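A.B. asks: Got a structure for you, written out below as structure tokens; questions coming shortly.
No lab work stands behind these numbers, since they all come straight from the coordinates. This one's a predicted model, so the numbers in the text were calculated from it and none came from an experiment. Quick reminder, even Gly has a Cβ in these numbers, built from the backbone with ideal geometry, and neighbours come from all protein chains shown.
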Ligand SMILES: C[S@@+](CC[C@H](N)C(=O)[O-])C[C@H]1O[C@@H](n2cnc3c(N)ncnc32)[C@H](O)[C@@H]1O
């Protein structure tokens with residue numbers, strides 16, 4: 001899918017010569033960019049981190065952690081805005097701190113993502129030194145120059161760096177933070193899946209011995225499967241999700257581990273219960289391919305007698321895709337928004 005906003009930044013990334021930081025939070029998995037040694041990349045997606053490393057970029061995987069970067073030490077910061085407002089505010093605030101006087105923040109994005117508002121807010125924080133250019137009907141690029149002296153009030157980043165209680169139900173208090181998928185709520189699809197967990201378990205010949213929570217976020221599914229009293233492996237691609245899920249595992253405590261991985265890649269062994277609420281958005285792109293990759297991961301990690309339980313929006317063609325990989329594919333429940341699909345290798 002075309003990413004015109006990012007395309008506007010490519011020439012800047014390729015010709016940057018001073019100390020430059022690129023904040024990478026978009027779907028660039030199929031983009032080939034020659035590495036520029038002047039640029040340090042901070043990336044919060046493990047799949048993209050791996051691709052950038054393969055392309056020889058000086059890439060660091062973290063939840064957009066700027067704590068190692070000294071004040072007023074960077075010449076240029078390049079950023080195609082993220083989907084979530086607190087993430088964008090966090091990056092703009094940090095840019096104001098780490099850029100040298102005269103250093104530049106380059107931001108690009110689309111109108112529908114709020115880029116014009118972000119440019120206006122950054123302009124205030126950077127005390128007005130801004131050149132904004134409308135590249136097309138919908139896409140903007142702005143170059144903001146960092147002034148001398150102290151910064152004004154930072155943008156509201158919802159306390160980006162701190163993990164804290166953000167959602168709760170009668171069973172658990174879920175710790176989370178901005179940057180995690182659905183960070184301050186319980187996902188309705190996931191809650192629907194857990195309401196029907198027993199219906200999935202009833203179809204198993206034996207009680208499960210090992211759970212895999214595929215795309216765990218802050219760990220909602222894992223926590224709600226912990227009454228089964230069996231080890232749980234939770235895995236995600238996103239740095240913030242891993243930090244939040246680890247915290248929730250520690251707090252209760254949950255018997256198991258939290259593993260950073262792209263679609264469970266590198267996780268070995270078989271699981272007889274797989275719980276999954278797969279993503280269908282990656283950055284700004286809708287990725288059908290991601291559903292296929294989650295199904296493939298479930299296929300590879302599911303034991304012969306096991307059950308994979310997927311919750312998806314009604315419109316996702318999960319059954320059609322899953323039939324190519326599993327012997328049995330059955331929608332066991334649905335409501336006006338979601339369907340629950342049971343996948344097994346068993347005949
Ligand atoms: C719809 S959310 C579900 C989160 C959580 N299980 C819940 O129920 O609240 C999907 C999750 O998949 C993760 N994800 C996206 N791409 C991934 C990938 N390539 N590998 C592993 N996890 C991924 C996202 O970070 C997100 O946490």
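A.B. asks: Along the Cα-to-Cβ line of residue 168, 7 Å from the Cα, sits a label point; which residues in region 218-255 have backbone N less than 16 Å from it?
C.D. replies: 248, 251-252
A.B. asks: Working from the alpha-carbon coordinates of region 1-120, get Rg over Rh, Rh being the Kirkwood radius.
C.D. replies: Answer for region 1-120: 0.92.
A.B. asks: Send over the Kirkwood Rh of region 47-105, from the inverse of the averaged 1/r over different Cα pairs, rounded to one decimal Å.
C.D. replies: Taking the inverse mean of 1/r over all distinct Cα pairs, region 47-105 comes out at 12.6 Å.
A.B. asks: For the chain, find the longest principal axis of its Cα atoms and tell me its angle to the long axis of helix 288-301, 0 to 90°, nearest 10.
C.D. replies: The helix 288-301 is inclined about 50 degrees to the chain.
A.B. asks: To continue, here is another question. Would you work out if region 164-344 is rounded, prolate or oblate? Take a ≥ b ≥ c from the square roots of the eigenvalues of the alpha-carbon gyration tensor; rounded if a/c is under 1.5, else prolate when a/b is larger than b/c, oblate otherwise.
C.D. replies: rounded
A.B. asks: Would any residue of region 23-43 have its amide N under 16 Å from a label point 7 Å out along Cα→Cβ of residue 151? List them or say none.
C.D. replies: Residues 23 fall inside that zone.
A.B. asks: Same structure, new question: Return the single residue from 307, 331, 88 with maximal mean-square fluctuation; model: Gaussian network over the chain, springs between Cα atoms under 10 Å.
C.D. replies: Per the Cα network of the chain with a 10 Å cutoff, 331 tops the list.
A.B. asks: Next question, about the same structure. If you take the beta carbon distance between residue 56 and residue 7 as r and set R0 to 22 Å, what does 1/(1 + (r/R0)^6) give as a FRET efficiency, to the nearest 0.05?
C.D. replies: It comes to 0.55.
A.B. asks: So, one more: Rounded to whole Å and sorted largest first, what semi-axes of the equivalent ellipsoid does the C-alpha gyration tensor of the chain yield via the square root of 5 times each eigenvalue?
C.D. replies: 40, 20, 18
A.B. asks: Turning to a different aspect of this structure: Measuring from label point to label point, each 7 Å out along Cα→Cβ, what is the residue 204 to residue 111 span in nm?
C.D. replies: Placing both labels 7 Å beyond Cα along the Cβ direction yields 5.2 nm.
A.B. asks: While we're looking at this one, here's another question. Restricting to bridges with both residues inside region 1-155, how much of the DSSP beta-bridge set is antiparallel, in percent to the nearest 5?
C.D. replies: Once the DSSP bridges in region 1-155 are tallied, antiparallel ones form about 40 percent.
A.B. asks: Grab the beta carbon distance between residue 73 and residue 31, set R0 = 25 Å, and tell me the FRET efficiency rounded to 0.05.
C.D. replies: 0.35
A.B. asks: Given region 164-344, what percent of its DSSP beta bridges are antiparallel, to the nearest 5?
C.D. replies: Counting only bridges with both partners in region 164-344, antiparallel ones make up about 50 percent.
A.B. asks: Most mobile of 82, 67, 190 per a Gaussian network model of the chain (Cα springs, under 10 Å)?
C.D. replies: Checking each option, the largest mean-square fluctuation is seen for 67.
A.B. asks: I'd like the antiparallel share, as a percent to the nearest 5, of DSSP beta bridges with both residues in the chain.
C.D. replies: Within the chain, antiparallel bridges account for around 45 percent of the total.
A.B. asks: Go ahead and set up a Gaussian network model of the chain, Cα springs under 10 Å, then flag whichever of 335, 159, 248 fluctuates most.
C.D. replies: Evaluated over the chain, the most mobile residue of the options is 335.
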